[in-house]
Amino acid sequence: MDEVTFRSDTVLSDVHMHTPSKRHLMVRLNTVGQPVFLSQFNLLLDKSCCDLGEKETDFKKENIKCRQTYGKELEKEDNPNDSAKERKASEGIEALLDEDGDLELVRKPQLPDEEAENLSRNKVCPIILTKGSDILEEEEHKDSSNCEVIRIEHTMATPLEDAGKQVWRGAFLLVDYILSERDLFKDCTVLELGGGTGIVSIAMATAAKTVYCTDVGEDLLDMCERNVALNKHLCEPAGSEVKVRMLDWLQDELCTDPDISHSWSDEEIAELHDLTTVILAADVFYDDDLTDAFFRTLYRITHNLKNPCTVYLSIEKRLNFTLRRMDVACEAYSHFRSTLNDLVNLRDGKVRYIIEPLGLSFPQCIVYERVEQLELWKITAVRTSEKSSTLEKQK
Ligand SMILES: C[S@@+](CC[C@H](N)C(=O)[O-])C[C@H]1O[C@@H](n2cnc3c(N)ncnc32)[C@H](O)[C@@H]1O
């Protein structure tokens, strides 16, 4: 018998599913023919709207209202007082049968078009603009000095290998953490692995001194570079810089070929090793082989650093039905956790890794749904000699 294969390699981030259409503009096709959109993400930086735990924003209230409405709709469907069921209870199943004994389905009344439109998720109405057109320039310069907005070019519904061209919820979680703990990162040198569109690095540049935003693929790195340029006003107050560079977890060495775009200079590599104290990665654990490659890279880099380093990793536990198990499982998450455990148990006499999950009670600074499947992990990488002297000092 022929083996059945499933192709389901197109992914769409929840972030883009709910982006309101008026904040959404298709600006061009990228070099591989994918439509590129420009989204604006508002930063809720003032105290009054930052802490969603205490003060619900309009969005959250709206969300709750929507859930309540939806909940009520579901309840109504289950409710024995519901008209169809009531009839069924009082008149028996016969009341729902037609003359020939066929079951007549009671259909929900159709909503007027306008109402249905409001209930459905916002549609994206793409307009293709040529690069450099007036409208695009207007968009580029609009609010260009507004420090409460991050503007990101991205694509939607990409093949899995282009997932970095979309923004993922894990990136928002890390942005929230960075913006609420800015003092921790003041003047640091930071490395982001698998930075995608660059949104996390851009947020980090509001506090840090230098951020190396790294990923693979010329097209993606170009898009990231453009996003850094679109948001340069956010880096200016801190006098910081985001450098977009190529860093492939499947390669042992950093690319230094000057003919290849986004390659590294020797000075940058030296700076990376001498000054980096923070490493970030958002939503990069969805394929076991890549997860292994990521942790090998992390191991290699942390062994080359001069200083102790703190690593922040965000992950969204995604439930998938697997044919192998014939059940729902979070296989990528389980692999991530077991690799984390391997890191803790590592005894190579050089670097020790201390791992802790971080609570998510920090304020929400971007509007998105902070679902319970999101997690943030902190890894402290310390040279073994430094760790013992730190412990001795503590005695
Ligand atoms: C799901 S996306 C997350 C992107 C971004 N961090 C975010 O959360 O919006 C995963 C990222 O990992 C990157 N990635 C995958 N394989 C990689 C590799 N071998 N080396 C470096 N980055 C890789 C992808 O290009 C992509 O940007």
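The values are calculated or read from the model by the stated rules, or taken from the named source; none is laboratory data. Every value quoted in this text rests on a predicted model; they were computed, and no experiment measured them. We place every Cβ from the backbone using ideal geometry, glycine too, and count neighbours over all the protein chains shown. Please note that ligands, DNA and RNA were not included when accessible areas were found on the heavy atoms of the full protein model with its side chains. Shrake-Rupley method; radii C 1.70, N 1.55, O 1.52, S 1.80 Å.
Here is how the numbers come out for the structure above:
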quantity: Exposure ranking of Arg370, Arg151 by accessible area [1.4 Å probe, largest first]; calculated: Arg370, Arg151
quantity: Total formal charge among the other residues, if their Cβ is under 10 angstrom from that of Tyr368, Lys/Arg +1 and Asp/Glu -1; calculated: -1
quantity: Three-way shape call for the stretch 159-394 based on the alpha-carbon gyration tensor, with the a/c threshold at 1.5; calculated: rounded
quantity: Heavy-atom accessible area order for Ser361, Ser39, largest first, 1.4 Å probe; calculated: Ser361, Ser39
quantity: Order by protection proxy (mean Cβ within 10 Å, highest first), peptides 248-254, 372-378; calculated: 372-378, 248-254
quantity: Residues Asp187 and Asn345, FRET efficiency given R0 of 35 Å [Cβ-Cβ distance, rounded to 0.05]; calculated: 0.55
quantity: Charge dipole magnitude, Cβ of K and R +1, D and E -1 - the stretch 261-371, Cα centre, debye nearest 20; calculated: 480
quantity: At most 15 other Cβ within 10 Å, DSSP loop - trypsin sites (Lys or Arg not before Pro), the stretch 164-227; calculated: Lys186
quantity: Accessible area per residue, Å², the stretch 159-394 with all protein chains present, probe 1.4 Å; calculated: 44
quantity: Accessible heavy-atom area order of Cys224, Cys255, highest first, probe of 1.4 Å; calculated: Cys255, Cys224
